[in-house]
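> Here it is, the structure, as structure tokens.
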Amino acid sequence: MSLADALTAPVEGENETPISERGPAPIEVVVGFGFWLFLLSDIVIFSALFAAYAVLADRTAGGPDGLKLFNRGYVLIETGCLLASSFTCGLMALAIERRTAATTYLWAAVTFVLGAAFIGLELSEFIRMIAEGAAPTRSAFLSAFFTLVGTHGLHVTLGLCWLVVMMAQVATLDFRPVVVRRLLCFTLFWHALDIVWVGVFTIVYLGAHYV
Amino acid sequence: MSERHDTPTPAGDRAPGTDHKGSGGLQGYVAGLGFAVILTLGSFWVADTQLVWQPAIPILLAALAIGQMGVHVVFFFHISSGPADTNNFLALAFGIFVVGLIVFGSILIMANLNTNMPMSIDHLMQMQR
């Protein structure tokens with residue numbers, strides 16, 4: 001099929017009602033789209049923090065720089081935890097689609113443990129850095145680093161709280177439509193955090209050589 | 001596909017993350033994880049390797065990161081360029097546009113200020129004393 005055919009062919013199963021007469025989109029679509037817009041605006045916030053970090057990364061004020069502070073193996077483990085939790089979150093989405101509570105709890109628990117492991121690793125990294133005298137007040141580079149990575153960590157922490165709340169809602173309210181919609185928003189939020197982390201490990205940790 | 005229309009038929013919209021038929025459900029997530037793992041390990045390997053011309057490494061890292069973000073959007077968010085995704089896709093395009101403006105604009109402006117400011121901060125501090 002040529003591109004022109006693909007563009008003009010009616011979508012299969014689509015009714016012929018003109019778009020102006022179809023009424024509002026279904027609520028799942030409205031909720032999903034609205035949350036997608038929120039996530040994009042959240043990513044815009046992160047882009048401002050990334051820009052600040054990129055500008056300030058070489059302003060170490062005589063203090064330690066990224067090469068001295070960052071441990072790549074450690075970051076690879078953190079990345080693995082977050083990526084695996086994104087995958088198990090996807091498996092949870094599939095379980096929600098089949099409305100199987102037991103599988104949903106299982107993958108939610110795995111997602112929670114991996115996310116908590118990520119936060120634990122990140123916090124211990126922060127504590128080690130501060131103990132070495134590389135606190136946020138030391139230099140503009142470290143202020144930008146703690147703001148960017150800390151904001152991401154805060155998002156992950158809030159995501160973990162949200163996941164616990166959602167599991168309580170599944171337990172008490174079952175898979176009623178409103179709960180399923182919230183779960184969809186949670187999975188989108190969790191995947192978005194992983195996208196931001198790709199930027200963090202590339203620019204902050206792997207980019208430390210090229211400041 | 002029977003009849004042709006003069007204008008494209010606007011399809012029913014689809015929420016992000018819901019299309020498990022189009023991207024293959026479990027298979028889609030497994031494929032996404034596989035690509036993401038390869039790209040992540042690739043990034044960490046490229047950052048350390050001596051096999052690549054060294055000045056090319058930052059570009060390579062950027063390409064791998066953008067590729068991995070694309071993998072996440074396609075396999076985890078299930079955003080496609082299909083007609084049901086028009087709104088999601090346009091919002092994404094606008095988001096990328098704003099992110100690009102903020103990041104490259106900031107870097108460009110700050111670098112420009114840096115080179116065009118004749119006095120350093122140390123110099124200014126000395127003048128204040």
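The values are calculated or read from the model by the stated rules, or taken from the named source; none is laboratory data. The structure displayed is predicted, hence computed values, not measured ones. Because the Cβ atoms are built from the backbone with ideal geometry, glycine has one as well, and the counts that use them run over all protein chains shown.
> Confirm whether B:Val30 is under 20 Å from A:Gly199 (Cβ atoms), of a type outside the set (D, E, K, R), modelled with pLDDT of 90 or more and surrounded by 11 or more Cβ atoms within 10 Å (Cβ to Cβ). Please lay out each step first, then the result.
Working: under 20 Å from A:Gly199 (Cβ atoms): no; of a type outside the set (D, E, K, R): yes; modelled with pLDDT of 90 or more: yes; surrounded by 11 or more Cβ atoms within 10 Å (Cβ to Cβ): yes.
Against the criterion (under 20 Å from A:Gly199 (Cβ atoms), of a type outside the set (D, E, K, R), modelled with pLDDT of 90 or more and surrounded by 11 or more Cβ atoms within 10 Å (Cβ to Cβ)), B:Val30 does not qualify.
> Consider A:Glu28 against the criteria (1) surrounded by fewer than 20 Cβ atoms within 10 Å (Cβ to Cβ); (2) more than 8 Å from chain B (Cβ to nearest Cβ); (3) part of a helix (DSSP H, G or I); (4) over 16 Å from the mean Cα position of the chain (by Cα): it satisfies all of them except one. Which criterion is unmet?
The number of the failed condition is (2).
> Can you report the number of residues in region A:14-51 which are farther than 18 Å from A:Val149 by Cα and either touching a Lys or Arg at 6+ places or on another chain (Cβ under 7 Å) or in contact (Cβ under 8 Å) with a residue 24 or more places away in the chain (or both)?
7
> Could you tell me which numbered condition B:Thr40 fails, if it satisfies all but one of (1) surrounded by fewer than 20 Cβ atoms within 10 Å (Cβ to Cβ); (2) β-branched (Val, Ile, Thr); (3) closer than 30 Å to A:Val55 by Cα; (4) modelled with pLDDT of 85 or more?
Unmet for B:Thr40, out of (1) surrounded by fewer than 20 Cβ atoms within 10 Å (Cβ to Cβ); (2) β-branched (Val, Ile, Thr); (3) closer than 30 Å to A:Val55 by Cα; (4) modelled with pLDDT of 85 or more: (1).
> Among the residues of region A:166-191, what is the count of those that are within 13 Å of another protein chain (Cβ to nearest Cβ) and acidic (Asp, Glu)?
Step one: list which residues in region A:166-191 are within 13 Å of another protein chain (Cβ to nearest Cβ), which gives A:177, A:180-191.
Those left that are additionally acidic (Asp, Glu): none.
So the answer is 0.
> Scan region A:92-110 residue by residue and report those that are at the interface with chain B (Cβ under 8 Å from one of its Cβ atoms) and surrounded by fewer than 21 Cβ atoms within 10 Å (Cβ to Cβ).
A:Leu94, A:Glu97
> Name the single residue that is nearest to B:Thr49 (Cα to Cα) among those in region A:192-211 being facing another protein chain (nearest Cβ under 7 Å) and of a type in the set (A, V, I, L, M).
Looking at residues that are facing another protein chain (nearest Cβ under 7 Å) and of a type in the set (A, V, I, L, M), I get A:Leu206.
> Limited to region A:1-43, what total is found for residues that are under 30 Å from B:Val103 (Cβ atoms) and either at pLDDT below 70 or among the β-branched types (Val, Ile, Thr) (or both)? Show your work before the answer.
Going residue by residue through region A:1-43, those that are under 30 Å from B:Val103 (Cβ atoms) are A:31-43.
Checking the rest, the ones that are also either at pLDDT below 70 or among the β-branched types (Val, Ile, Thr) (or both) come to A:31, A:43.
Matching residues across region A:1-43 total 2.
> Taking the condition in a helix (DSSP H, G or I) and at pLDDT 85 or above, does B:Ala63 pass? Spell out how you get there, then give the answer.
Details: in a helix (DSSP H, G or I): yes; at pLDDT 85 or above: yes.
Answer is yes for this residue.
> Just to verify a result, which residue in region A:155-188, among those that are surrounded by fewer than 20 Cβ atoms within 10 Å (Cβ to Cβ) and in contact with a Gly (Cβ under 9 Å, 6 or more places away or on another chain), is nearest to B:Gln50 (Cα to Cα)?
Only one residue tops the list, namely A:Thr157.
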